Structure formats: C-alpha cells, structure tokens
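The values are calculated or read from the model by the stated rules, or taken from the named source; none is laboratory data. Source: prediction; values computed, not measured. Using ideal geometry, Cβ is built from the backbone for each residue, glycine included, and neighbour counts are taken over all protein chains shown. Accessible surface areas use protein heavy atoms only, side chains included; no ligands, DNA or RNA. Shrake-Rupley method; radii C 1.70, N 1.55, O 1.52, S 1.80 Å.
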Amino acid sequence: MKLTILALIAFLSTISFGQITFEHGTLKEALEKAKQAKKPLFVDVYATWCGPCKQMAATAFVDPEVTTFYNTNFISLKLDGEKNDGPEVMSKYGITAYPTLLYFDASGNLVGKVIGGMQAKQLLAKGQEIANPESNPVFLARKEYLKSKKKPADLKAYVKVLSENEHDSLAKYATEYYQKNPNLNLNDPVELAVFKSAVHDYKAPLSKQFLNDPKNQADKEEYLNKINDYFMTTYQLAKDANDFEMMKSMVVELFPYLQKCDVPNLPSMEEYLEYVKVQFEK
C-alpha cells in the first residue's frame, strides 16, 4: 500500500548524522564480501515507492546506536526488489512485501527474515540476536520456552521477553496468548503488551477500555501508536471492501481520542476524511 496513514499523524522524525553503510551491488557480491569479512549479511529489500521503506531509511537506519552496531557487526546491502537481481531474490526467498529484511550468516545461510518495517530498538535487537545469539535474551527465552510444557505461564514468560525486546516474533506469540486468554487484564504489563500487539479491532471491548483509561492517555506516544494501528487496520479492510463509510465511521469515533495525543499539525476531522476519500477514488 503506497499510502501510509501514519504519515499524517506521526511525530516529526528524529535527526541523526550517521547511517548504516549499505552496499549497492548484487546479493551474490554482498554474500561474497560477508564471507571474506567473516561477518553476517543484512539485506534491506525495498522499493522506491514504498512508504515504510522510506520511513525506516529516515529513522531506524540513521539511529546512532543501530548505525554503530550494524556497521561494526554486519556487511549490509540495500537491494531494490524491482531492479537488477531484485526479482530473482524476491522469488528465491518468497518475498511478497516491502520492506523485507534478510539476515545471512557468514557462510551464506539465511538465518532471519523480517517482513515489514521496524523501529530502531527492534532493528537493534534483531541485529544483536543474529550477531550474538547465545547472549541474546530472546534466544535464551526461546530455548527455555521450546523445552517447557508450554503452559500459559510458560507462554506468558516468553511473551514478556519478546515484548521487552520489541522482537519481531511478538505479534505471533501475543496472538497465540490472546486466543487462549481473551479476557486480558490491561493492568498487567505483559497482558497490556499482548493487547497492543494482538487486538486490532477498535470496536472490541478491550479497545474501548484501553482508549478511555486516563493512564493510557498519559503515555501519548504509545496511545498514538495504538490509534494508528486501528486507523491502518480499518483502512485496509475498508479499501479491500471498497467501503468508505466503514472508514468514515471509524474516523468519526476515534478522532476525539486522536486529539488527546497533541499531534503536531493535526488536520481537522473533515480535512482528514476528505484526504482519505480521495484515496478511495483512485
């Protein structure tokens, strides 16, 4: 989806003076360089029109801590999925969405695949997991969970570690937890993290509870992130159904909550609805 609704309501991007040093050749050339350097390879498979790709390039890829870690521990490659060997790589590794991030060990084996954009903390945690797996808390927690009897307490302990490290597997295991324990206690930090990751319906009773809790409203960034989740989820459903009224109903109901976030240059509800309506007419 070329439209990124987040762009309308996101905070201003942070400014940084460093960036990940990317190669711009073929995957084969980068794998060979990684082998010679005895380092893992990080590959950002992107498209020039991709909004989340541009967002990562402007935020996560220039974060000072991420930059230092990746430039020290990885050979990195930026690969346009629509040019040169991009289509071949897309087909070989089953890539169907942008961005997709690939991780190879120094021997050229694929050891990690992340679909979708990541924030700086998530990108750093994934890099640390790949580069130093045996000292990574997620790696250790996964080993512990896999050898457990997988009781609810075992799954909750694993989800806790995934949440604390903003790991890309959180959505999968949070959804599993929610399916087994739908009556979440939003005052429990782990179950609140499960809710944020697994519940995307703004009409759900838990969503109403979350939105109306002053404690959640006080953390404006997290509160905005969840509202944005509702906006993007509903937009996709409405676009697929070609049902603008579905989107309009959501905006009318959630816009008062969005106004509590102190978003810079937030358009009026009428202006926002007009913008979204144009997208439906394309």
Original post:
Before we move on, is T68 open to solvent by 50 Å² or more (accessible area, probe 1.4 Å) and either assigned to a strand (DSSP E or B) or modelled with pLDDT under 90 (or both)?
Top reply: no
Original post:
among the basic types (K, R), closer than 24 Å to P52 by Cα and modelled with pLDDT of 90 or more: does that describe K226?
Top reply: yes
Original post:
Only one residue in G25, G18, G94 is assigned to a loop (DSSP other than H, G, I, E, B), surrounded by fewer than 17 Cβ atoms within 10 Å (Cβ to Cβ) and modelled with pLDDT of 90 or more. Which one?
Top reply: G25
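Are any residues in the stretch 109-121 open to solvent by less than 70 Å² (accessible area, probe 1.4 Å) and within 8 Å of the chain's Cα centre (by Cα), and if so, which ones? Break it down stepwise before answering.
The first filter runs over the stretch 109-121 and keeps only residues open to solvent by less than 70 Å² (accessible area, probe 1.4 Å), leaving 112, 114, 116-118, 120.
Residues satisfying the conditions are G116, G117, M118.
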Subject >> Evaluation of V278 against (1) in a helix (DSSP H, G or I); (2) within 27 Å of D188 (Cβ to Cβ) (one fails), failing number >> reply: (2)
Original post:
Quick one: how many residues across the stretch 135-168 are in contact with a Lys or Arg (Cβ under 9 Å, 6 or more places away or on another chain) and surrounded by fewer than 16 Cβ atoms within 10 Å (Cβ to Cβ)?
Top reply: 1
**OP:** Return the residue satisfying two criteria in turn: it lies in the stretch 257-278 and is surrounded by 12 or more Cβ atoms within 10 Å (Cβ to Cβ) and of a type in the set (D, E, K, R), and of such residues it is farthest from K208 (Cα to Cα).
**Re:** K277
Subject >> Lone unmet requirement of (1) at pLDDT 90 or above; (2) surrounded by 14 or more Cβ atoms within 10 Å (Cβ to Cβ) for A218 >> reply: (2)
**OP:** Tell me, yes or no, whether the stretch 199-222 has at least one residue that is closer than 25 Å to P52 by Cβ, among the hydroxyl-bearing types (S, T, Y), part of a helix (DSSP H, G or I) and in contact with a helix residue (DSSP H, G or I) (Cβ under 9 Å, 6 or more places away or on another chain).
**Re:** yes
Original post:
Does A58 meet the test of being open to solvent by 30 Å² or more (accessible area, probe 1.4 Å), of a type outside the set (S, T, Y) and modelled with pLDDT under 95?
Top reply: yes
